[in-house]
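Values quoted throughout were computed directly from the atomic coordinates according to the rules given, and no laboratory measurement underlies them. For clarity, every value in this text was computed on a predicted model and none was experimentally measured. Cβ atoms come from the backbone with ideal geometry, glycine included; neighbour counts cover every protein chain shown.
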Amino acid sequence: MAKNLVDSIQMEVRSKQPCRKELDFVVPADAVKSEMDRVVQEFAGAVSIPGFRQGKAPTAMLKSRYAEEIRQELERKIVYAAFDLAGKDESLDIVTCGIEGEPKLEFDKEFKFTLGADVAPEFKLGDYKTVKVTEALDAVTEEQIDARLKTYRAMYGNYAEAEGGAKAEDILKVTYKSDFPMPEDASPSLKRQLEAESTFLWLSDPETIPGCIAALTGAEAGKEYTVKADYPADYREAALAGKTVNYTVKVEGVQRRAELSDEELAEKARVKSIEEFRDMLRKAMEQENQGKQRNAVIEKVYAALDAAVGEFELPPSVLAGEVQKEIQKMAREIVKSEEDAEKFKAGLEEHKKGAEEAAKKALRRTFILRKLAKAEGIKLEENEIDDHLREMSRYYGYKEKEFRSMLEQNGGMDDLQLDILSNKVLNHLADLATK
């Protein structure tokens, strides 16, 4: 972007309400014309017009044939220059910014437009450097190790035929059929969901058939049962999303996991003895407790900082966006069927109140930590973002490049960077508070 365009723009700041500014811009006619000439030259080098060599078409012809495209590109360059100018004003801590109305740019004429900007709230931080907190470190007991061992014995045990009624976590061998009409173009996965012969059904979350755990707990081999399945509104098979489907399930067998012996568990863990495995667990659990202690310190530090900061206004459009995110989050957690959707709509006003409360709390925390980051000179390094992306892509099973692209497209990259910076600030403050 040409430097003289930014320098030629005049900006006036008006306060509309707390955390909201209106930035009025005026671009003189000569600056508009000068930038338009550059845009036309760019078009001349990029388009081909019969009868003229590349870049040699008359300016008047280009302006006539590509008038709207030139106008849009010229307006884009001017607005970006305005963003650049506003960003250089250190008195404006802009959080979000957007053009207001639909200003019409005309060639060779003065161009006026307004950007509406949400700015960070103004408040004073308390004397955060004097905050001191303590938090006891829980010791790992032998009883806790025993309990963890019992979990692993069951987790890695082998399944065997079981007598009597089925229990939670058992595997049932079943044949089932539903009353849902099979679509002619049903996918293999939908067909398997609607009916199957001599297949296995786990009585554990996530349920293969919604409601199967409650309906089939106590089920015995050789008997037939019915399962009423209420599929959630966001179910992966669109044909079943929000639908209620009835199943007839014949139980052919019940299998239960048998706990491993000390020797078997040691072999599974690839250690020489159960004592060695106990030592491994103790060290892992001590690290867990250290993590819990650290988190408790961080929350205590933030609570002290939050109490020292008075009430302050939040940027209106940022708050509105955060409220919408909270409502969507609530909907994902609550709405699992058409009936849930209707109940959610009926209680929408109450949900909005809860969402607004959560959004205000989250944004207050964000702006306090944001200001602390500036006060302490804490910034994100590119390698920190790359490291987090690498770990997250491995965890979710994506290629790193694909995961980054996905976050950039859905707006998740900004949230990720904010999370990393917030954690960095909180850990820095926790270090100060425990010295």
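When +1 charges are put on Lys and Arg Cβ atoms and -1 charges on Asp and Glu Cβ atoms, the dipole computed for the range 336-435 relative to its Cα centre reaches about 460 debye. Ratio of Rg to Rh for the range 25-138: 1.32 [Cα atoms; Kirkwood radius as inverse mean 1/r over pairs]. Gap in Å between the Cα centre of the range 261-286 and the Cα centre of the range 316-390? Cα centroid of the range 316-390 versus Cα centroid of the range 261-286: 41 Å apart.
Counting only alpha carbon atoms, the long axis of helix 316-334 and the longest principal axis of the chain meet at about 20°.
Packing, as the average of other Cβ atoms within 10 Å across residues, places the peptides 43-53, 72-82 in the order 72-82, 43-53, highest first. Extending 7 Å from Cα along the Cβ direction at M280 and again at D262 yields two label points whose distance is 1.7 nm. Contact order, relative form, for the chain: 16 percent (alpha carbon pairs under 8 Å, 6 or more residues apart, mean separation divided by residue count). Here the 3J(HN,Hα) profile of the range 83-90, calculated from phi with Karplus coefficients 6.51, -1.76 and 1.60 at θ = phi - 60°, is 4, 4, 5, 5, x, 7, 7, 5 Hz, Gly and Pro shown as x. Dividing the summed -39500 (n - 2.57) terms of all DSSP H runs of n ≥ 4 by the residue count of the chain sets its mean residue ellipticity at 222 nm at -17000 deg cm²/dmol.
In the range 127-258 the Cα-Cα distances spread across 5 Å bins starting at 0 as 2, 9, 16, 17, 13, 10, 8, 6, 5, 5, 4, 3, 2, 1, 0 percent of all pairs.
Here the gap between E42 and Y156, fully extended at 0.36 nm per residue and compared with their Cα-Cα distance, gives a gain of 34.4 nm. Note on the range 92-157: with charges restricted to the Cβ of Lys and Arg (+1) and Asp and Glu (-1), its dipole about the Cα centre is near 300 debye.
Of the residues L372, Y396, I213, the one whose Cα sits farthest towards the positive end of the charge dipole of the chain is L372 (charges of +1 on Lys and Arg Cβ, -1 on Asp and Glu Cβ, taken about the Cα centre).
Considering only Cα-Cα distances, which of the following residue pairs are longer than 19 Å: K33/K77; K329/K353; K329/K424; K243/K325? K329/K424; K243/K325, as the Cα separations exceed 19 Å there. Take 183-189, 322-328, 154-160 and order them by the average number of nearby Cβ atoms within 10 Å per residue, most first; the result is 322-328, 154-160, 183-189.
Using a cutoff of 8 angstrom between alpha carbon atoms and counting only pairs six or more residues apart, the relative contact order for the range 371-423 works out to 40 percent.
Charge dipole of the chain (Cα centre as origin; +1 on each Lys and Arg Cβ, -1 on each Asp and Glu Cβ, all else neutral): 820 debye, rounded to the nearest 20. Would you mind checking the tilt of helix 142-155 against the longest principal axis of the Cα atoms of the chain, expressed as 0 to 90 degrees and rounded to 10? Taking the Cα atoms of the chain, the angle to 142-155 is about 90 degrees. Using the Cβ-Cβ distance between D414 and R394 with R0 set to 30 Å, the FRET efficiency from 1/(1 + (r/R0)^6) comes to roughly 0.85. Full extension of the chain between K435 and K345 gives 27.3 nm of extra length, using 0.36 nm per residue less the Cα-Cα distance.
Compare the Cα positions of L319, Q290, G98 along the charge dipole of the chain (+1 at Cβ of Lys, Arg; -1 at Cβ of Asp, Glu; about the Cα centre) and return the one farthest towards the positive end. Checked the options; the winner is G98.
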